[in-house]
Amino acid sequence: MSAQLISGTALSQQLRAEITQRAAALTAGGHQPGLAVILVGEDPASQTYVKNKIKACEDTGIRSILEKYPADFAESALLQRIAALNADPAIHGILVQMPLPKQIDPNKVIEAIATSKDVDGYSVLSAGELLTGLPGFRPCTPYGCMKLIESTGVSLRGKHAVVIGRSNTVGKPMALLLLQANATVTICHSATPDIGHFTRDADVVVVAVGRRNTLTADMVKPGAIVIDVGMNRDDQGKLCGDVDFAKLREVAGFITPVPGGVGPMTITMLLMNTIESAERR
Ligand code: NAP
């Protein structure tokens, strides 16, 4: 049996077409959606991420503002900029690119962003909204994983879902979203003794660890849905995920590739959150 590929590239294109239409409707009504992106310092990876986010805004008709500051920018000055953007009615989402230089406390920065504009969904209040089932912004990567699972047409109700990884930005919110969708959820992490014991019983496995071959073919039930969040390099320097893709493909029912799976969905869900924020106004 060969698993069906879940293409994040194709799903992203579909969702971006919908985002473009919704952005156009908002703009026609005099409320063009706006995203502010703040970059502090010169980290090359961060520069690339920011460039991709700005381009994605341009492509879909979302207005974007890029504010770039030097690596020695003061925390107080950054907090002042965030306060100004919080008060700006033309801005519906604020994103501060991480990591920040060490003189700036990332938690203070995240908490300074108005919850109504926290399109990354990283603040304590946004996390609380997710935990309690209130409407709010869902962190973009797990939100994208949910869309990928939804695209298979398989209902999560009553299914066993295993999440490997428990970070605040991926693993934990992922588990909460699966729970909200009526799955029975198990979370595994670095102190879980036999992860295969849990994954072999799972209908859905989401792997967000950052280590190659964390999930191998002998750890998966035939027909399961496998979502690979990991981003690693193989021995040839090629991008790869956390799962043994070639072998798992023969066992799973559905599987996301790396690249072309979860990656493209993350920016798409940032755009989606920005549109949702603008529509809520
Ligand atoms: P993270 O903050 O480093 O968290 C990794 C998690 O994996 C931790 O909870 C850790 O457990 C767990 N872990 C580590 N070693 C393990 C092991 N041997 N067995 C089981 N669990 C283990 O990473 P993250 O931010 O969640 O990201 C995870 C991966 O996803 C990375 O490769 C990252 O680059 C990728 N990612 C991709 C996207 C995308 O858009 N495609 C977005 C975000 C992240 P403990 O808590 O016990 O330490």
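Read-outs: derived from the displayed coordinates by stated rules, not from any lab. Here the structure is a predicted model, which means the values were calculated and not measured. Counting neighbours? That spans all protein chains shown, and the Cβs are built from the backbone with ideal geometry, glycine included.
At an R0 of 30 angstrom, the distance between the Cβ atoms of K247 and N182 translates into a FRET efficiency of 0.50.
Here the Karplus curve 6.51 cos²θ - 1.76 cosθ + 1.60, taken at θ = phi - 60°, turns the phi angles of region 22-30 into couplings of 5, 5, 5, 5, 5, 5, 4, x, x Hz, with x standing for Gly and Pro.
Between the alpha-carbon centres of region 172-187 and region 113-133 there is a gap of 17 Å. Our coupling estimate for region 152-157, obtained by passing each phi through the Karplus curve with A = 6.51, B = -1.76, C = 1.60 and θ = phi - 60°, is 6, x, 7, 6, 7, 4 Hz, Gly and Pro reported as x. Using θ = phi - 60° in the Karplus curve 6.51 cos²θ - 1.76 cosθ + 1.60, the 3J(HN,Hα) couplings for region 128-135 round to x, 4, 5, 4, 9, x, 7, x Hz; x is entered for Gly and Pro. Residue-normalised convex hull volume from the C-alpha trace of region 30-114: 76 Å³ per residue. Pairs with C-alpha atoms separated by more than 30 Å, drawn from the list K172/K238; K68/K147; K117/K238, are K68/K147; K117/K238. Taking amide H as placed 1.01 Å from N in the peptide plane, A202 has its amide H under 5 Å from the amide H of K221, each at least 5 places away in sequence or on another chain. When +1 charges are put on Lys and Arg Cβ atoms and -1 charges on Asp and Glu Cβ atoms, the dipole computed for region 30-114 relative to its Cα centre reaches about 160 debye. Pairs of alpha carbons in region 203-252 separated by more than 19 Å make up 18% of all such pairs. For V96, the residues 5 or more places off, or on other chains, whose built amide H falls under 5 Å of its own are I38.
Ranked from highest to lowest mean number of other Cβ atoms within 10 Å per residue, what is the order of the peptides 169-178, 154-163?
So the order, starting with the most tightly packed, is 169-178, 154-163.
Quick note on region 69-158: its Rg to Rh ratio, both from C-alpha atoms and Rh being the Kirkwood radius, is 1.07.
Taking label positions 7 Å along the Cα-Cβ direction at both Q47 and D234, the computed distance is 3.0 nm, reported to one decimal. Under a 5 Å amide H cut-off, with hydrogens placed 1.01 Å from N, M231 pairs with G210 among residues at least 5 apart or on other chains. Of all the options G29, G223, G61, the one that moves most in a Gaussian network model of the chain with Cα springs shorter than 10 angstrom is G29.
Stokes-Einstein diffusion of the chain at 37 °C, 0.692 mPa s viscosity, Kirkwood radius from Cα pairs, rounded to a whole number: 168 µm²/s.
How would E42, E129 line up from fewest to most surrounding beta-carbon atoms within 10 angstrom?
The order, fewest Cβ neighbours first, is E42, E129.
Take the Kirkwood radius over Cα pairs of region 139-264, plug it into Stokes-Einstein at 37 °C and 0.692 mPa s, and you get 233 µm²/s for translational diffusion. With both labels modelled 7 Å from their Cα along Cα-to-Cβ, the A217 to V124 distance reads 4.8 nm.
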